[in-house]
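Worksheet: the structure to be examined is printed underneath.
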Amino acid sequence: MSAAADEGDEMCASCGIPAGDDIKLKNCTACYLVKYCSIKCQKEHRSQHKKECKKRAAELRDELLFKQPESSHLGDCPICFIPLPLPPRHKNKMNEVSYHLCCSKSICLGCVYESRLKIAEQSLEQKCPFCRTPYPNDDADAGRLMKMRLAANDPVALGAAAGRCLAEGKFSDAFKYAKQAAALGDLHAHLHLGYLYMEGKGVEAEGGKKGNYHLEESAIGGHPTARCNLGKGEGQWGNHERAMKHFIIAANQGSDVAVEQLREGFKEGHVSKDDFAEALRAYQRAVDATKSPQREAAKRNPDLLLLREMKESAKFLSKVT
């Protein structure tokens, strides 16, 4: 059977030539509604197709944007395979995820705690619980590890460097690292770029278009902070239905910020009672999914997570056993 028979009545939207063995039609990659036999035909048809193309491209983008991600941007702990909890909103609360420079892995404190407990019990050398690399002895060692990760174009390390530069007010450097990391798929880097473009820091202000694009990329990948930022923006523009959709998705990922926004939306009549109640249940399920006995033990005994010397570990162990 010929290719023409397989492709049926498909034809170029501009010149009308049908698909065949020697004529390969290519989709308009923005909307996928029409096909063309050449770039020349696509350009000639642009003025007729532009409005329809733009509308369908926006619909496809929304389908992707408002699809519930399988997990948050953090994913699962690489050791226990339980979903990692989101960072706390307040600095006085413990961050239950530990980033390790040696392997660029984010590991739950439950697994770190179990590793430290074993180290203290057996007087072992302190090593990363994932890759078994010895922990850096000081800031200079940590700096060398970071440089190695950056030289290897590690997207997580590049994203972390962007965050550090952002906190220090080094916006040009933050933009450089974030751009590299985002190109390699780091979702937190997309969040940083969204902020930098929106605020015009480290880069010329782009009227929000590029900033919004990077926030969307981060949200699509599962970053609830980016998702909540998009929701707040939609609310400010009066697009309350879209805003509530964003907050419901983020609440399903365990974001307490999203729950607060939904509570306000419910009070103002922007979200129904049933949708709000279901979002609360989904939020609780997401939070419960991140719990484990080891993580609870780590929260009860945070001092073990900070110990450096073996004699200190032994002293601590005598108090908790």
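What pairs can you find where one residue is in the range 57-85 and more than 30 Å from Arg132 (Cβ to Cβ), the other is acidic (Asp, Glu) and at pLDDT 95 or above, and their Cβ atoms are less than 8 Å apart, with a gap of 6+ or different chains?
Here the result reads Arg61/Glu216; Leu65/Glu216, each pair linking the range 57-85 to a residue that is acidic (Asp, Glu) and at pLDDT 95 or above.
Would you be able to tell me the number of residues in the range 192-236 that are more than 24 Å from Ile248 (Cα to Cα) and of a type in the set (Val, Ile, Thr)?
1
Does any residue in the range 256-271 that is in contact (Cβ under 8 Å) with a residue 40 or more places away in the chain come within less than 6 Å, Cβ to Cβ, of a residue that is not in a loop (DSSP other than H, G, I, E, B) six or more places away or on a different chain, and which pairs are these?
Val257/Cys228
Here are the criteria: (1) more than 30 Å from Arg300 (Cα to Cα); (2) surrounded by fewer than 19 Cβ atoms within 10 Å (Cβ to Cβ); (3) aliphatic (A, V, I, L, M). Tell me which single one Met94 does not satisfy.
(1)
Check Lys67 against each of (1) exposed (fewer than 14 other Cβ atoms within 10 Å of the Cβ); (2) at pLDDT below 95 and name the one condition it does not meet.
All conditions pass for Lys67, except number (2).
Take Cys41 and decide whether it is free of Cβ contacts under 8 Å to residues at least 40 places away in the same chain, open to solvent by less than 40 Å² (accessible area, probe 1.4 Å) and in a loop (DSSP other than H, G, I, E, B).
For Cys41, the condition - free of Cβ contacts under 8 Å to residues at least 40 places away in the same chain, open to solvent by less than 40 Å² (accessible area, probe 1.4 Å) and in a loop (DSSP other than H, G, I, E, B) - is not met.
Select from the range 275-300 the residues that are assigned to a loop (DSSP other than H, G, I, E, B) and under 16 Å from Ser255 (Cβ atoms) and list them in ascending order.
Across the range 275-300, the qualifying residues are Ala289, Thr290.
Collect the residues in the range 118-175 that are touching a Ser or Thr at 6+ places or on another chain (Cβ under 6 Å) and open to solvent by less than 40 Å² (accessible area, probe 1.4 Å), keeping them in residue-number order.
Within the range 118-175, Ala120, Pro129, Asp154, Ala157 qualify.
Which residue pairs have Cβ atoms closer than 8 Å, lie 6 or more positions apart in sequence or on different chains, and pair a first residue in the range 103-126 that is part of a loop (DSSP other than H, G, I, E, B) with a second residue that is at pLDDT 85 or above and polar (S, T, N, Q)?
Cβ pairs passing all conditions: Cys103/Thr133.
The values are calculated or read from the model by the stated rules, or taken from the named source; none is laboratory data. This one's a predicted model, so the numbers in the text were calculated from it and none came from an experiment. Ideal geometry is used to build each Cβ from the backbone, glycine not excepted, and the neighbour counts take in all protein chains shown. SASA here: full protein model, heavy atoms, side chains in, ligands and nucleic acids out. Shrake-Rupley method; radii C 1.70, N 1.55, O 1.52, S 1.80 Å.
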